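In what follows, a structure is listed as structure tokens, so that the remarks can point back to it.
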Amino acid sequence: MTDLSPHARARLCKNLVLGITGAVAASWMPPRLQTLRALVADEVNVVMTRGALRFLTPLAVSAISGQPALTDEDMWNDKRVPHITLSRSADLVLVMPASARILASCARAACDDFLSTLICATPDSTPVVFVPSMNETMWRNRLVTSNVALLRDAGYHVIDPIEGIEVATGHEVYGGMIDMPTLYHTLAAILSQRREESFQDS
Ligand SMILES: Cc1cc2nc3c(=O)[nH]c(=O)nc-3n(C[C@H](O)[C@H](O)[C@H](O)COP(=O)(O)O)c2cc1C
């Protein structure tokens, strides 16, 4: 396994917006959030969807991220207009885990909650990465497949699920989230490609 100790490398970027949605894998995010904070970004702002709130508390998230965990209420109540300010300041937007619902909402620019509105308002130059996690039948559903294709065609990154343990049955099935060392290297490659493109554009 790749060394992910905090002493091994500098963080990849300054500001990460992490969207957590209501896939059951949201329950496993606390240690992953710790890793993202230690290794990927100096500041991690988390936006939790309605579904995520069923699996994880904002208190647990903010205790780890060091920032208030934002929910749909904040889009309406925070005078700083966070779906705009956060999307502008982000170097990277990561949606992990990404539910079938958020894939559909973002693929159609439905902007029906805080996270999908923030993603729609994110400049094209900022990488947006989805890490879907769902039951294999859902992942292979033809409408989910078509939403993933729409997102990829529009320049969003969607990381295929991997084999994992299905919570409902305890069986090894396709549909889990990528492991953190592989995710780290994937994000590093995406950010470095982005920097090269912006250097060529300047
Ligand atoms: C126990 C349970 C587990 C679920 N796991 C998943 C999942 O792994 N992936 C997924 O896309 N949806 C899953 N769902 C369905 C989502 O929670 C549901 O579609 C929800 O509307 C997603 O909302 P959000 O995208 O706003 O978080 C699950 C629902 C329940 C009750």
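Sort 139, 76 so that the residue with the fewest other Cβ atoms within 10 Å of its own Cβ comes first and the one with the most comes last.
On the way: 139 19, 76 7.
Sorted ascending by nearby Cβ count, the order is 76, 139.
Residue-wise, which Karplus ³J(HN,Hα) couplings in Hz belong to region 35-40, taking 6.51 cos²θ - 1.76 cosθ + 1.60, θ = phi - 60°, and x for glycine or proline?
Coupling constants for region 35-40: 5, 4, 5, 6, 10, 9 Hz.
Just the projected area, averaged over all directions, of the convex hull on the alpha carbon atoms of the chain: how many nm²?
Numbers: hull surface 46.2 nm².
If you wrap the Cα atoms of the chain in a convex hull and average its projections, you get 11.5 nm².
Beyond 14 Å, how much of the Cα-Cα pair distribution for region 20-62 remains, as a whole percent? Mind dumping the intermediate values first?
Values: 395 of 903 pairs.
Percentage above 14 Å: 44.
Which ³J(HN,Hα) values in Hz, rounded to whole numbers, follow from the phi angles of region 102-107 under the Karplus curve 6.51 cos²θ - 1.76 cosθ + 1.60, where θ = phi - 60° and Gly and Pro get x?
6, 4, 5, 4, 6, 4
For region 46-122, take the alpha-carbon Rg, divide it by the Kirkwood Rh, and send me Rg/Rh.
On the way: Rg = 11.9 Å, Rh = 12.8 Å.
For region 46-122, the value is 0.93.
Mind listing the long-range amide H neighbours of residue 130? Cut-off is under 5 Å, sequence gap 5 or more, other chains count too, H placed in the peptide plane at 1.01 Å from N.
When sequence neighbours closer than 5 places are left aside, the close amide H contacts are 95, 157, 158, 159.
Looking at the chain, send over the antiparallel percent of its DSSP beta bridges, to the nearest 5. Spell out each step's value before the answer.
Details: 4 of 22 bridges.
Looking only at bridges with both residues in the chain, the antiparallel portion is about 20 percent.
For region 1-97, what size does the Cα cloud have along each of its three principal axes, sorted from largest down, in whole Å?
41, 29, 19
Values quoted throughout were computed directly from the atomic coordinates according to the rules given, and no laboratory measurement underlies them. Nothing here was measured: the structure is a model prediction, and the numbers come from that model. Ideal geometry is used to build each Cβ from the backbone, glycine not excepted, and the neighbour counts take in all protein chains shown.
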